[in-house]
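Here's the structure we're looking at; comments come further down.
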Amino acid sequence: MVKATVIGAAGGIGQPLSLLLKQNTLITDLALYDVVNSPGVAADISHINTPSVVKGYLPPDGGLEKALKGADIVVIPAGVPRKPGMTRDDLFNINASIVRDIAVGIAAHAPKAFVLVISNPVNSTVPICAEVLKKKGVYDPKRLFGVTTLDVVRASTFVAEAAGQPTDSLKFKIPVIGGHSGVTIVPLLSQTSPSVSLDQSTVESLTNRIQFGGDEVVKAKDGAGSATLSMAFAGARFASAVLEAASGKGSSQPEYAYVDLTSESGGKEVASAIGASPAYFSVPVTLGPNGVEKIHGLGKVNDYEQGLIKKAVEDLDGNISKGVSFVESSK
Ligand code: NAD
Ligand code: LMR
């Protein structure tokens, strides 16, 4: 029996993500929580003839508690998205308190759940979640993930295009490390597998496109939000990887996620490779029954990529401290 809870289930990401999770046959209970419209989304999705039983919850009458109670995995796409001209950090003022309050609920009702944070700014909302769980004495760093899968998904699509093989995007694997905003997103194109020959100017334009792929969608949506469908795909893919690993059928292929580098011994090596800080970084991880089982090293990184990492770390330090201070100053 596996219960999955989506918080923010009626939103642009929440609806297609819930639809994709309904197709995951490992899930037996699918709880859809939102401050609006979740009963309607749940009624609709519940007619699909896959194994999970779907229920929708709203805030009144302990809806959050009921949605979270006994959850094995909680996926959080709750909060506001960007509009053109905004950075992800501009979402902090609204989304920080939304994520903090959800984390309080998780601490009380699903303290052992795997927690997958999608809400931006991920660089700060993951530390917010961690600090709340620490305060409540239930923090398990192996079980908390900032979802950065969309960066990895974009990287393989964009590299396949640049390599003139757009229909082969699935075969291109590119490590994308760091954080999830602008220059904190660091694609390691020199490690593209299978290898592709790219001149430096193509490497730089591809790097920029991967770092600012989210802005491409924000601009195209022209005020109607940010990536939702590709994010739902990426979020469902990562949630499946977590659940498959939890069921003992994990893949040997690493996943990338923004995690606490202290969660596993390999994190120390990554921390020293990137300059001993910051505390959270998107890294290749092997997942197991208890979440992060192994943090892999970053492999051979060239001088250009070292420069990108340096810039990422500078920004990330500030993003992380901002999240930590927010919880410290919260009542
Ligand atoms: P949206 O506005 O379409 O949906 C957000 C949903 O959250 C809404 O249904 C809203 O009612 C709900 N919500 C608000 N406060 C809530 C609360 N306290 N509890 C439960 N639900 C609540 O936005 P969206 O496009 O789905 O984006 C959601 C978030 O995901 C944004 O912060 C966005 O920046 C982020 N995002 C992250 C990534 C990533 O790669 N990690 C990718 C895309 C978007
Ligand atoms: C993305 O990468 O698409 C998301 O983080 C949403 C955004 O604000 O760009």
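The values are calculated or read from the model by the stated rules, or taken from the named source; none is laboratory data. Computed from a prediction, not measured in an experiment: that's the story for all the values here. Cβ: placed from backbone, ideal geometry, glycine included. Neighbour counts: every protein chain shown.
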(request) Out of ALA246, ALA224, ALA234, report the one residue that is at pLDDT 95 or above and either in contact with a Phe, Trp or Tyr (Cβ under 9 Å, 6 or more places away or on another chain) or basic (Lys, Arg) (or both). (result) ALA246
(request) Would you check which residues across segment 155-180 are of a type outside the set (Val, Ile, Thr) and surrounded by 24 or more Cβ atoms within 10 Å (Cβ to Cβ) and list them? (result) ALA155, PRO175, GLY178, GLY179, HIS180
(message) Among the residues in segment 236-255, are any under 20 Å from ARG154 (Cβ atoms) and part of a loop (DSSP other than H, G, I, E, B)?
(response) yes
(request) Only residues that are over 13 Å from VAL6 (Cα atoms), within 13 Å of ligand 1 (Cβ to nearest atom) and of a type in the set (A, V, I, L, M): list them for segment 49-91, please. (result) VAL80, MET86, LEU91
(request) Report, by residue number, each residue of segment 220-236 that is more than 7 Å from ligand 1 (Cβ to nearest atom) and not basic (Lys, Arg). (result) ALA220, ASP222, GLY223, ALA224, LEU229, SER230, ALA232, PHE233, GLY235, ALA236
(message) part of a strand (DSSP E or B), within 16 Å of ligand 1 (Cβ to nearest atom) and surrounded by 17 or more Cβ atoms within 10 Å (Cβ to Cβ): which single residue out of VAL217, VAL186, VAL152 fits that description?
(response) VAL186
(message) Return the residues of segment 123-143 that are under 18 Å from GLY267 (Cβ atoms) and within 14 Å of ligand 1 (Cβ to nearest atom); say none if nothing qualifies.
(response) ASN123, VAL126, CYS129
(message) For the list (1) charged (D, E, K, R); (2) in contact with a strand residue (DSSP E or B) (Cβ under 8 Å, 6 or more places away or on another chain); (3) more than 28 Å from ARG209 (Cα to Cα), I need the number of the one condition that ASP151 fails.
(response) (3)
(request) Go through GLY14, GLY40 for me and flag whichever is within 16 Å of ligand 2 (Cβ to nearest atom) and of a type in the set (Gly, Ala, Ser). (result) GLY14
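This table checks each residue for (1) in contact with a Leu (Cβ under 7 Å, 6 or more places away or on another chain); (2) assigned to a helix (DSSP H, G or I).
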site: VAL270; (1), (2): yes, yes
site: SER277; (1), (2): no, no
site: THR286; (1), (2): no, no
site: GLU293; (1), (2): yes, no
site: GLY297; (1), (2): no, no
site: LYS300; (1), (2): no, no
site: GLN306; (1), (2): no, yes
(message) When the residues of segment 105-140 are narrowed to those that are over 12 Å from the mean Cα position of the chain (by Cα) and among the β-branched types (Val, Ile, Thr), which ends up farthest from ligand 2 (Cβ to nearest atom)?
(response) VAL138
(request) Could you tell me whether any residue of segment 291-310 is within 15 Å of the chain's Cα centre (by Cα) and at positive phi? (result) yes
(request) Could you tell me which of the residues GLY214, GLY182 is small (Gly, Ala, Ser), at pLDDT 95 or above and on the phi < 0 side of the Ramachandran plot? (result) GLY214
(request) Evaluate the following for LEU133: is it surrounded by 20 or more Cβ atoms within 10 Å (Cβ to Cβ) and assigned to a helix (DSSP H, G or I)? (result) yes
(message) The conditions are (1) farther than 16 Å from TYR280 by Cα; (2) among the β-branched types (Val, Ile, Thr); (3) assigned by the TED database to the domain that holds GLY62; (4) surrounded by 18 or more Cβ atoms within 10 Å (Cβ to Cβ), and ILE118 fails exactly one of them. Which is it?
(response) (1)
(message) Whether any residue in segment 62-81 is surrounded by fewer than 22 Cβ atoms within 10 Å (Cβ to Cβ), modelled with pLDDT of 95 or more, within 16 Å of ligand 2 (Cβ to nearest atom) and among the acidic types (Asp, Glu) is what I want to check.
(response) no
